[in-house]
1. Just subtract the alpha-carbon distance of A20 and N66 from 0.36 nm times their residue separation and send over the number in nm, one decimal.
2. Need the full-extension length gain, S28 to E2, defined as separation in residues times 0.36 nm minus the C-alpha distance. One decimal, nm.
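A short reminder: the numbers here are calculations on the coordinates, not readings from a lab. Predicted, not measured: the structure shown is a model, and the values here were computed from it.
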Amino acid sequence: MENVFEFLRAALPWIVVGLALAVLIVRSAGKKKKEEKTDDYGTEGMCLGMCLGMCLGTAIGTSFGNNTGIGISLGMLIGLAVGTSIKKENREKDHHEK
């Protein structure tokens, strides 16, 4: 079981980098296809994900070693994925009505 944790500790940063690159490539390819600007909560999701990832990485890290860096990077990745899937409402219509 100890070998599994060592493997995960060594491989997890590379997996996170690969997933982050995949998200960025898909996101940039989607922007090239449609020129209409859509807002999403990607930045907010990354910020909240980093905070939650740091908290979870520190809490889990006390029993399994120091996983704060892995927690921050995984939290940022998950926050970016969730944030980009939620679209912001277009509020220009509300401003024109007033």
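1. That works out to 14.4 nm of additional length.
2. Roughly 5.4 nm would be gained on extension.
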